[in-house]
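Just so you know, all these numbers are worked out from the coordinates, no wet-lab data involved. Note that this is a predicted model, so its numbers are computed, not measured. Glycine also receives a Cβ, built like all others from the backbone with ideal geometry; neighbour counts cover every protein chain displayed.
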Amino acid sequence: MGTMPPPPSAPPSGTPSGTPHGAARGSLAPVVVAVAAIALFASMDAFMKRASIASGAYTAILLRNCIGTAIMVPPWLAAGPQLPSRRVLRLHAIRSLLVCGMALCFFWGLVRTPMAEAIALSFISPLVALALAALVLKERIGRSARLAALLGTAGVIVIAAGNIGLSGPRPPGSLAGMAAVLASAVFYGANLVVQRIQAQVAGPQEVALFQNGFVALFLLPIAPVLWHAPDRATVVDVGISAVLASISLMLLAWAYARAEAQRLVPIEYTAFVWAALMGWLWFGEGVTAFTLLGLCLIVAGSWIGSRGDAPPPIPSAP
């Protein structure tokens with residue numbers, strides 16, 4: 001799944017809020033790097049979709065997390081490895097469970113849904129995070145957040161209307177695929193809430209390593225039921241997607257350390273353009289007017305929700 005950054009109220013760990021280090025405030029370098037990172041994430045989704053079609057979403061996700069664990073061991077060792085405490089391990093495990101649900105739902109749905117449509121629906125996850133933050137972190141939901149939720153819901157309804165058949169014949173299982181992508185957005189919204197707490201107690205190398213490792217451990221017990229032996233091409237696709245994801249995460253970390261979040265968050269929405277391009281080039285997918293209209297509503301909602309009311313302070317880790 002393409003990535004959405006932490007909400008603007010939570011700057012990357014170790015970066016002073018609104019104080020880019022090593023770059024001028026107006027520098028275009030972080031913006032260009034962020035655009036490249038989002039393009040690589042869209043390419044990763046395309047490789048994962050092809051692998052999921054060939055061997056199933058479960059096999060592709062398990063392989064990617066095993067490869068991702070191996071990729072992250074050297075950076076973790078180079079950063080000075082330190083085993084996390086029990087409470088931090090618990091945070092890693094909770095977030096990894098959410099990532100398991102998110103990834104399985106997203107890539108299962110992506111097989112049955114055009115890439116552009118899936119990415120458009122996934123943009124509702126920040127709105128889900130707003131609602132969950134109110135329930136879990138007891139944050140106040142302001143007027144702008146409520147308006148954002150209404151616009152996001154309207155966008156989902158518009159895309160669903162096109163999916164049901166108002167825009168012509170749809171691929172088999174596309175409605176179930178859309179439901180799975182929406183479920184993944186709920187998991188991802190919950191993941192953002194946990195991420196806000198986790199970022200205070202663990203570095204990026206540790207987070208990436210233990211997330212990949214825990215996800216692989218959580219998925220292994222159901223391998224006898226869902227595992228389909230991949231062919232060589234699938235293994236190559238998954239390996240490339242793991243490398244692309246790792247590079248993209250590092251590029252985004254570099255960009256967010258050198259520019260304010262408010263400059264970079266809107267760039268996330270270029271993921272739709274890249275997804276539409278990849279879907280057309282790789283799978284011959286088109287983009288419907290319903291998807292474009294729904295995307296506009298969801299993006300407007302996310303934008304209002306992220307810039308409306310003053311955010312409360314980040315809660316301390318439990």
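Highest mean first, how do 33-45, 235-247 rank when packing is the count of other Cβ atoms within 10 Å averaged over residues?
33-45, 235-247
Which shape class, rounded, prolate or oblate, goes with the stretch 178-242 when its Cα gyration tensor gives a ≥ b ≥ c as root eigenvalues, a/c under 1.5 marks rounded, and past that a/b bigger than b/c marks prolate?
It is prolate, given that a/c is not under 1.5 and a/b is the larger ratio.
Just going by the charge dipole of the stretch 29-307, with Lys and Arg at +1 and Asp and Glu at -1 on Cβ, which of Ala161, Phe214, Ala39 is farthest out on the positive end?
Phe214
Mind giving me the FRET efficiency for Asp231 and Val73? R0 is 30 Å, r the Cβ-Cβ distance, nearest 0.05 is fine.
Efficiency, rounded to the nearest 0.05: 0.70.
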